Amino acid sequence: MTDRLSARETLALVTDDFTELPRPARDAKPDGPLAWQGYDASRARAAERTGETESVVCGTASVEGTRAVLIAFEFGFLGGSLGERTGDRLEAAYAYARGHRLPVVPLVATGGSRMQEGMLALTQLQRVARQSALTKEAGLPQIAVLRDPTTGGGWATLGAGADVILALPGAQVGFAGSRVRPPDADPAAYTAEAQLAAGAADAVVPPRALRKTLGRWLRLLTSPSQAEAPPPRALGATDLPVSGWDAVRRARSTERPRAARYLDAYFTSRVSIGGDRCGHADPDGMLCGFGEHEGRTVAYAAQTGTSTRPAGYRTAARLIRLADRLGVPVLTLVDTPGAANDAEAERQGAGAAIADLFHAVAAARTPVTTLVIGEGGSGGALALAAPGNTWATPDSYFSVIAPELAAAILKRPAEQVEATADQLRIRPQDLVELGVIRGVI
């Protein structure tokens, strides 16, 4: 468990110039809307102990140079719980963000909805969800920071509903709080690290690095540019393959540059997102995030040369939809022998995940640029490719199916695999002639 900071201490951790927003007024009823005996006294004790009058502190500040609306939960005030007055403050903060075109940063530490206000407290989650949805429709990013603890409805709205989710090390994170879980529940499953592994968070960030990390994210996500991202320059071979099998051999070479090298050469700095928000991640098969290229933000989704898992496709689709909403151009790097086809991939919905990525690319209004840097294996590669704006390097190929599999389906002997590769016309120069790609880099 991480050290539990107050709302004001957390704000001081990420900014130096916090200015609180005006607090909405609501007529007070004795002991709240349910006349819960002792509720007023509990609130008074919480206010005396924390110096706050509600469980959230909302205001504006610059984080590493980028102005934002910050929402800091005070867990010491009735467990950071949400009630009607909390909802008033959250609604006002989101409305201010939209009115002033500012990103929203919830710094979450909450146990959930306030029992002393019953269902009226629970319905604040619908209210918060609507404000979040309106803010997304306005094209403004939301970056959540999960503190200790982040549970209940606060996690299921302000936390898990954000575009980017950062978490402090050791923070308790989960829909079920510690007092309502099954007695045999594994506590390790309810941590920031577990949520990262399950694809429900993008990064675990130490407190000392939070300001810089948050500032980098805010800067990248608030710098839209509808200009098309140029394809990277080729880092490997410069001469074209002489045959189809030569193209395959080059693309499969262990010496060929992979995605990480291309991304390092293309971006001066970058940050990554991870996970499909459905319980899985594919960190070794798909690299996704945002970076700075020649002074402007470009989103990226890059295959790494392995068989892509369903979580990889879903993460890429999430990345493209976010970039599209924020007006950020996208670069995709194709490099996979194909989609993972094992039984577990099928159980995780491989077909649906690939279909979702096809749809995300097809529906994107922001420019998408693709470079094939290695193997382009069938639909598992094509799903990441931009129609009409795909390029290739000399050490790559793109094929309807791997030559070996094509020969097997056609019942050809092994010695005809190389000839089959030629027949498939999979070389970069063949793809240009066929009109499949725009050109060879």
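Quick notes on this one:
- Annotation: of all residues in segment 44-74 being without any contact (Cβ under 8 Å) to a residue 60 or more places away in the chain and among the polar types (S, T, N, Q), the one that is farthest from Asp31 (Cα to Cα) is Ser62.
- Within segment 310-358, tally of residues that are surrounded by fewer than 18 Cβ atoms within 10 Å (Cβ to Cβ), assigned to a loop (DSSP other than H, G, I, E, B) and either of a type in the set (D, E, K, R) or within 16 Å of the chain's Cα centre (by Cα) (or both): 2
- Residue in segment 259-272 that is in a loop (DSSP other than H, G, I, E, B), modelled with pLDDT of 95 or more and over 15 Å from the mean Cα position of the chain (by Cα) present: yes
- Residue in segment 433-441 that is assigned to a helix (DSSP H, G or I) and surrounded by fewer than 17 Cβ atoms within 10 Å (Cβ to Cβ) present: yes
- The set of residues from segment 99-150 being in contact with an Asp or Glu (Cβ under 9 Å, 6 or more places away or on another chain) and among the basic types (Lys, Arg) comprises Arg114, Arg127, Arg130, Lys136.
- In the set (1) more than 20 Å from the chain's Cα centre (by Cα); (2) assigned to a loop (DSSP other than H, G, I, E, B); (3) under 28 Å from Ser272 (Cβ atoms), Gly139 fails one condition alone, (1).
- The residue of segment 84-115 that is surrounded by the fewest Cβ atoms within 10 Å (Cβ to Cβ), among those that are among the basic types (Lys, Arg) and on the phi < 0 side of the Ramachandran plot, is Arg98.
- Residue within segment 289-301 that is within 20 Å of Ala192 (Cα to Cα) and of a type outside the set (Phe, Trp, Tyr) present: yes
- Count - residues of segment 294-309 that are assigned to a strand (DSSP E or B) and over 26 Å from Tyr397 (Cα atoms): 2
- Selected residue [of a type outside the set (Gly, Ala, Ser) and in contact with a helix residue (DSSP H, G or I) (Cβ under 6 Å, 6 or more places away or on another chain)] from Glu74, Glu48: Glu74
- Condition met for Arg208 (crowded, with 16+ Cβ neighbours inside 10 Å and of a type in the set (Lys, Arg)): no
- Yes/no for Leu424 being exposed (fewer than 15 other Cβ atoms within 10 Å of the Cβ), modelled with pLDDT of 90 or more and either among the charged types (D, E, K, R) or assigned by TED's automatic domain parsing to the domain that holds Thr370 (or both): no
- For the residues Gly279, Gly289, Gly215, Gly275, the requirement of being in the same structural domain as Ala339 (by TED's automatic domain parsing), farther than 20 Å from Phe398 by Cβ and either outside any loop (DSSP other than H, G, I, E, B) or in contact with a His (Cβ under 8 Å, 6 or more places away or on another chain) (or both) singles out Gly289.
- Of the numbered criteria (1) part of a helix (DSSP H, G or I); (2) surrounded by fewer than 21 Cβ atoms within 10 Å (Cβ to Cβ); (3) not basic (Lys, Arg), the one Gly161 fails is (1).
- Scanning segment 359-376 for residues that are within 20 Å of Thr304 (Cβ to Cβ) and either over 19 Å from the mean Cα position of the chain (by Cα) or in a strand (DSSP E or B) (or both) yields Val368, Thr369, Thr370, Leu371, Val372, Ile373, Gly374, Glu375, Gly376.
- Residue list for segment 223-249, restricted to those being buried (at least 18 other Cβ atoms within 10 Å of the Cβ) and either in contact with a strand residue (DSSP E or B) (Cβ under 7 Å, 6 or more places away or on another chain) or acidic (Asp, Glu) (or both): Ala229, Pro231, Pro232, Ala247, Val248
- The set of residues in segment 41-66 that are among the charged types (D, E, K, R) and surrounded by fewer than 17 Cβ atoms within 10 Å (Cβ to Cβ) comprises Arg45, Glu48, Arg49, Glu64.
- The requirement of being at pLDDT 95 or above and either within 16 Å of the chain's Cα centre (by Cα) or surrounded by 23 or more Cβ atoms within 10 Å (Cβ to Cβ) (or both) is satisfied by Gly289.
- Filter pass, Ala133 being modelled with pLDDT under 95, in a helix (DSSP H, G or I) and among the hydrophobic types (A, V, I, L, M, F, W, C): no
- A Cβ distance below 9 Å, combined with a sequence gap of six or more or placement on separate chains, defines the contacts here; from segment 133-157, residues that are touching a residue at least 40 places away in the same chain (Cβ under 8 Å) and outside the structural domain of His100 (by TED's automatic domain parsing) reach no residue that is assigned to a helix (DSSP H, G or I) and not acidic (Asp, Glu).
- Of the residues making up segment 19-40, none is crowded, with 23+ Cβ neighbours inside 10 Å and either touching a strand residue (DSSP E or B) at 6+ places or on another chain (Cβ under 8 Å) or aromatic (Phe, Trp, Tyr) (or both).
- Failed criterion for Glu74 (all others in (1) touching a Pro at 6+ places or on another chain (Cβ under 9 Å); (2) surrounded by 22 or more Cβ atoms within 10 Å (Cβ to Cβ) hold): (1)
The values are calculated or read from the model by the stated rules, or taken from the named source; none is laboratory data. The model shown is predicted, which means the values in this text are computed figures rather than measured ones. Note that we place each Cβ from the backbone using ideal geometry, even for glycine, and neighbour counts take in every protein chain shown.
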